1. What number goes with the only condition from (1) part of a helix (DSSP H, G or I); (2) at pLDDT below 95 that Ala22 does not pass?
2. Among the candidates Val79, Val12, single out the residue that is more than 24 Å from Cys132 (Cα to Cα) and surrounded by 18 or more Cβ atoms within 10 Å (Cβ to Cβ).
3. Residue under question is Leu47, and the condition is that it be hydrophobic (A, V, I, L, M, F, W, C), in contact with a Leu (Cβ under 6 Å, 6 or more places away or on another chain), modelled with pLDDT of 95 or more and within 24 Å of Ala127 (Cβ to Cβ); does it hold?
4. Can you tell me which residue is modelled with the lowest pLDDT among those in region 77-131 that are assigned to a helix (DSSP H, G or I) and among the polar types (S, T, N, Q)?
5. Report, by residue number, each residue of region 111-124 that is within 17 Å of His78 (Cβ to Cβ) and either acidic (Asp, Glu) or touching a residue at least 60 places away in the same chain (Cβ under 8 Å) (or both).
6. Residues in region 148-168: is at least one at pLDDT 90 or above and assigned to a loop (DSSP other than H, G, I, E, B)?
7. Could you tell me how many of the residues in region 44-65 are out of contact with any helix residue (DSSP H, G or I) (no Cβ under 7 Å at 6 or more places or on another chain) and touching a residue at least 40 places away in the same chain (Cβ under 8 Å)?
8. What number goes with the only condition from (1) over 12 Å from the mean Cα position of the chain (by Cα); (2) surrounded by fewer than 16 Cβ atoms within 10 Å (Cβ to Cβ) that Ala117 does not pass?
Amino acid sequence: MADDDATLNRRVAEGDRAAFDALVMRHEQRLRGFLRKLAGTHAADDLAQETFIRAWQRANQFTGSRSYAAWLLRIGWHVFLDTKRHQASLHRRHDEAPVPPTRHDPAYETGIDIIAALSTLAPKERACILLCDVEGWSHTEAANLLDMPLGTLKSMVARAKARLRDQLLPP
């Protein structure tokens, strides 16, 4: 019988690399999928790697009050925000304009505009809709994960859905 996430994480907090490898194997696909949809294919691997590094470093901070997957996605969300802030800082320092999203994603070649439509949303809106409507988290879980009031999350999901509908459905 495989150990549950909390048991594995307790072992990770004690320095057990094999337990950490088991947690990575268990949660890597879901984390990378979320980050890929949030930040793009190219950035997702680096963000996931940094997320797992932080999870290793902070294993003793996991209380088990929520699921390990939620804890990990929360770390991933904060890694994404940190990266965005760092990139914005670099742009300001070098007085460069942000580069608009490119259309080199394979989804464009197949005519699917969902990726393009998601990329037009603000990062918080994109995270809200991804967590609730793609990843299957409840509104309450997503609000906790993103450190925002439940009402704010619900408003963001509604606005994001309206924008996506406007972009994806013909007039």
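The values are calculated or read from the model by the stated rules, or taken from the named source; none is laboratory data. As the structure is a prediction and not an experimental result, all values here were calculated from the model. Quick reminder, even Gly has a Cβ in these numbers, built from the backbone with ideal geometry, and neighbours come from all protein chains shown. Heavy atoms of the whole protein, side chains included, go into the accessibility calculation; ligands, DNA and RNA do not. Shrake-Rupley method; radii C 1.70, N 1.55, O 1.52, S 1.80 Å.
1. Failing condition for Ala22: (2).
2. Values: Val79 fails: more than 24 Å from Cys132 (Cα to Cα).
None of the other options fit; the residue is Val12.
3. Against the criterion (hydrophobic (A, V, I, L, M, F, W, C), in contact with a Leu (Cβ under 6 Å, 6 or more places away or on another chain), modelled with pLDDT of 95 or more and within 24 Å of Ala127 (Cβ to Cβ)), Leu47 qualifies.
4. Filtering region 77-131 for residues that are assigned to a helix (DSSP H, G or I) and among the polar types (S, T, N, Q), the one modelled with the lowest pLDDT comes out as Ser89.
5. In the first step, residues of region 111-124 are kept if they are within 17 Å of His78 (Cβ to Cβ); the result is 122-124.
Across region 111-124, the qualifying residue is only Pro123.
6. So far as region 148-168 goes, yes, one or more of its residues are at pLDDT 90 or above and assigned to a loop (DSSP other than H, G, I, E, B).
7. The qualifying residues number 0.
8. All conditions pass for Ala117, except number (2).
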